[in-house]
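**Student:** Before anything else, here's the structure in question.
None of the figures in this text is laboratory data; all of them are computed from the coordinates on show. Please read these numbers as outputs of a predicted model, since none were measured by experiment. Using ideal geometry, Cβ is built from the backbone for each residue, glycine included, and neighbour counts are taken over all protein chains shown.
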Amino acid sequence: MTAVRIPPVLRAQAGGAKALSASGGTVGEVLAAVVEQHPGLRDQIFTADGSLHRFVNVYLNGRDVRYEGELAAPVAEHDTVILLPAMAGGT
Amino acid sequence: MIKTYDELLREARASVSEVSAAEAAALAVQGARVVDVRESPEWEEGHLPGALHISKSYLEQRIEAAVPDRDAPVVLYCAGGIRSLFAAQTLSEMGYTDVVSMIGGFQAWKSEGRPWRTPVVLSQQQKQRYSRHLLIPEVGIEGQARLLDSKVLLIGAGGLGSPAMLYLAAAGVGTLGIVDFDTVDLSNLQRQIVHTTERVGRRKTESAAETIRALNPDVTVVPHEEMLTDENVERLIAGYDVILDGTDTFETRYTLNDAAVRAGIPVVHASVFRFEGQLSVFRPFDGPCYRCLYPTPPPPELAPGCSVAGVLGVVPGVMGMLQATEAIKLLLGIGDSLAGRLLIYDALDGTFQEVQLRRDPDCPACGQAVLAARVSA
């Protein structure tokens, strides 16, 4: 199982969970398993054609998956995935 | 056994290697640490370029921090070459293996017409105010002088800007520009600690300037009472060494990013949401920029500002202080900046996580095409 960190702004769609466990051999499979558990997350993470939204960054073991093969990036058993959307707040 | 001064001097001469000013200059070029062991008033009248000042009375206490490697080559000098001889003996007793003393000291160096410089002199008040900085080798008088000569622009005198500017002012950053068009509201005071209850309704730039002046009269505050826009951004950021992004909207963050990249000014970025904060440093063309990190803004419902989503007041406090820390590091050129790394602070978990950021070769602000056009221009 891979641990997927859910950012605060998406926790309402994930039943309040800070992290979810999901299995899969690639980032795409892991995230598909995540939205299977919490369908409300689907539109926040994926575009209509199934690719990642550009405003949600996905890190696999601290590395941006945009440079690691995107959704095809291979995931091992104890890897960690971080979902990180941009935040605006500052004042 | 009682020894006379002459006997002590003879012993020192017998045990310490001495070099001429020319040899000392050559050793310095080869990387030897040059240490001036005179007293502070002598140092302030002039010293060798690149020398480190540790007066003989503090030598034992401070040399290990300044020169941790006991096999590193060290050249000691004083005014005439006597005190440095005894100092070299001390270092030898402490296990330093490659120490020499410069014959004739600073007088010989100067009379041979070799280059020397006058150090920055802080006033007595400044020495006292910044004494804890002066004790840190990475800052010292030179670093403090650099801070006093530095200009930092804060975009926003709010949750992030308040703690950041307080610490930058306390640290003696000489010029603080503040861009904010807003007035102080009672709901700001839960986190915007540069303002006060009695200043509710007053301009934030004015309120912030008042607090900073009371904290440190060395600091010049330049208020920019306007909203940062595509039209004025270039003018607003011109001449600053570092920018702190403490805004509340994506529009402003992208506007600032693009202009800062064009102007080659590093931006220390932070953003907050409820119990969480993000922090990074964007150094133009030397690391990723904000657009490399987030190419497009999220829809508004996915990225509410603090006035909509709320924020634990201390979270922007923590992030703003980290911004001030990164800014000071950039100004002093010390440590490893957060360029290329994003720090995520989760206050509820009490954790910091770090992810690696990369420059996007296709970035419209700093990608290959922009760089090529810049080089050919």
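**Student:** Between B:Glu44 and B:Ala369, what FRET efficiency comes out of the Förster formula 1/(1 + (r/R0)^6) with R0 = 41 Å and r the beta carbon distance, rounded to 0.05? Walk me through the intermediate numbers first.
**Tutor:** Details: r = 51 Å, r/R0 = 1.25.
Approximately 0.20, to the nearest 0.05.
**Student:** Ranked highest first by the average count of other Cβ atoms within 10 Å around their residues, in what order do B:269-282, A:45-58, B:354-367 fall? Spell out each step's value before the answer.
**Tutor:** Numbers: B:269-282: 25.5, A:45-58: 15.2, B:354-367: 17.4.
Ranked by mean Cβ neighbours within 10 Å, highest first: B:269-282, B:354-367, A:45-58.
**Student:** Right, another one. On a 0 to 90 degree scale, rounded to 10, what angle separates helix B:314-332 from the longest Cα axis of chain B?
**Tutor:** Approximately 40 degrees, to the nearest ten.
**Student:** When the Karplus curve 6.51 cos²θ - 1.76 cosθ + 1.60 is applied with θ = phi - 60°, which whole-Hz ³J(HN,Hα) does each residue of region B:3-18 get, with x for Gly and Pro?
**Tutor:** 10, 7, 4, 4, 5, 4, 5, 4, 4, 4, 4, 6, 9, 10, 7, 10
**Student:** State, to one decimal in nm, how far the label point of B:Glu210 lies from the label point of B:Arg62, with both points 7 Å from Cα in the Cβ direction.
**Tutor:** 4.1 nm
**Student:** Another question about this same structure. Which order do the peptides B:119-128, B:188-197, B:75-84 come out in when sorted by mean C-beta neighbours inside 10 angstrom, highest first? Mind dumping the intermediate values first?
**Tutor:** On the way: B:119-128: 13.3, B:188-197: 19.5, B:75-84: 22.6.
Averaged packing, sorted descending, gives the order B:75-84, B:188-197, B:119-128.
**Student:** Just the number: Rg to Rh for region B:110-163, Cα atoms, Kirkwood Rh, two decimals.
**Tutor:** Values: Rg = 16.4 Å, Rh = 13.8 Å.
Radius of gyration over Kirkwood radius for region B:110-163 works out to 1.18.
**Student:** Here is a follow-up. Taking a quarter of the surface of the Cα convex hull of region B:73-232, what do you get in nm²? It would help to have the intermediate numbers written out before the result.
**Tutor:** Details: hull surface 57.9 nm².
Computed as one quarter of the Cα hull surface, the answer is 14.5 nm².
**Student:** Further, regarding this structure: Rounded, prolate or oblate, given the Cα gyration tensor of the protein assembly as shown, with a/c below 1.5 counting as rounded? Please report the intermediate quantities before stating the final value.
**Tutor:** Values: a/c = 2.55, a/b = 1.86, b/c = 1.38.
Because a/c hits 1.5 or more and a/b exceeds b/c, the protein assembly as shown counts as prolate.
**Student:** Please work out the Kirkwood hydrodynamic radius for region A:2-85, using every pair of different C-alpha atoms, and report it in angstroms with one decimal place. Could the numbers behind the result be given before it?
**Tutor:** On the way: mean 1/r = 0.0809 Å⁻¹.
Mean inverse Cα-Cα distance, inverted, gives 12.4 Å.
**Student:** For region B:110-119, just list the computed ³J(HN,Hα) in residue order, Karplus coefficients 6.51, -1.76 and 1.60, θ = phi - 60°, integers in Hz, with x standing in for Gly and Pro.
**Tutor:** Rounded to whole hertz, the list is 5, 5, 7, x, 7, x, 8, 9, 9, x.
**Student:** Still on this structure, I have one more. Can you bin every Cα-Cα distance in region B:150-376 into 10 Å intervals starting at zero and give me the percent of pairs per bin, rounded to whole numbers?
**Tutor:** 8, 35, 39, 16, 2, 0
**Student:** OK, next. Around A:Thr91, which amide H atoms from residues at least 5 apart in sequence, or from another chain, sit under 5 Å from its own amide H, with H modelled in the peptide plane?
**Tutor:** B:Gly159, B:Cys306
**Student:** What percent antiparallel are the DSSP beta bridges of the protein assembly as shown, to the nearest 5? Walk me through the numbers before you get to the answer.
**Tutor:** Values: 32 of 66 bridges.
Close to 50 percent.
**Student:** Describe numerically, in nm with one decimal, the distance between label points set 7 Å from Cα along Cα→Cβ at B:Glu234 and at B:Met1.
**Tutor:** In this crude spin-label approximation the distance works out to 7.9 nm.
**Student:** When Cβ neighbours within 10 Å are restricted to other protein chains, what is their mean count per residue of peptide B:69-75? Don't skip to the end; give the middle numbers.
**Tutor:** Details: counts 0, 0, 0, 0, 0, 0, 0.
Counting other chains' Cβ atoms within 10 Å and averaging over B:69-75 gives 0.
**Student:** Which aspartates and glutamates have a Cα lying under 14 Å from the Cα of B:Lys3, excluding residues fewer than 8 positions away in the same chain?
**Tutor:** Qualifying aspartates and glutamates at Cα under 14 Å: B:Glu11.
**Student:** If you take all C-alpha pairs in region B:123-207, what percent of them are over 19 Å apart? Walk me through the intermediate numbers first.
**Tutor:** Numbers: 1602 of 3570 pairs.
Tail of P(r) above 19 Å: 45 percent of Cα pairs.
**Student:** Dipole of the protein assembly as shown, Cα-centred, from +1 at each Lys and Arg C-beta and -1 at each Asp and Glu C-beta, to the nearest 20 debye?
**Tutor:** On the way: 41 positive and 56 negative charges, 115 e Å.
That gives the protein assembly as shown a dipole magnitude of about 560 debye.
**Student:** Taking beta carbons within 10 Å but only from partner chains, what does the mean come to for residues A:56-67?
**Tutor:** Numbers: counts 3, 6, 1, 7, 1, 2, 6, 4, 9, 0, 4, 4.
Mean partner shielding for this stretch: 4.
**Student:** Can you tell me the orientation of helix B:250-263 relative to chain B, as the angle in degrees between its alpha-carbon axis and the longest Cα principal axis, to the nearest 10?
**Tutor:** 40 degrees
**Student:** Counting only residues 5 or more places away or on other chains, whose amide H sits under 5 Å from the amide H of B:Val34 once H atoms are built in the peptide plane?
**Tutor:** Residues meeting the amide H criterion: B:Leu52, B:Val75.
**Student:** What average number of partner chain Cβ atoms lie no more than 10 Å from the Cβ of the residues making up B:302-309?
**Tutor:** 5
**Student:** Taking every pair of alpha-carbon atoms in region B:33-139, give the share separated by more than 22 Å as a whole percent. Please list the in-between numbers first.
**Tutor:** Details: 1725 of 5671 pairs.
Distances greater than 22 Å cover 30 percent of the Cα pairs.
**Student:** Rounding to the nearest 20 debye, state how big the charge dipole of region B:5-111 is about its Cα centre with +1 on each Lys and Arg Cβ and -1 on each Asp and Glu Cβ.
**Tutor:** Values: 9 positive and 16 negative charges, 30 e Å.
Magnitude of the dipole: close to 140 debye.
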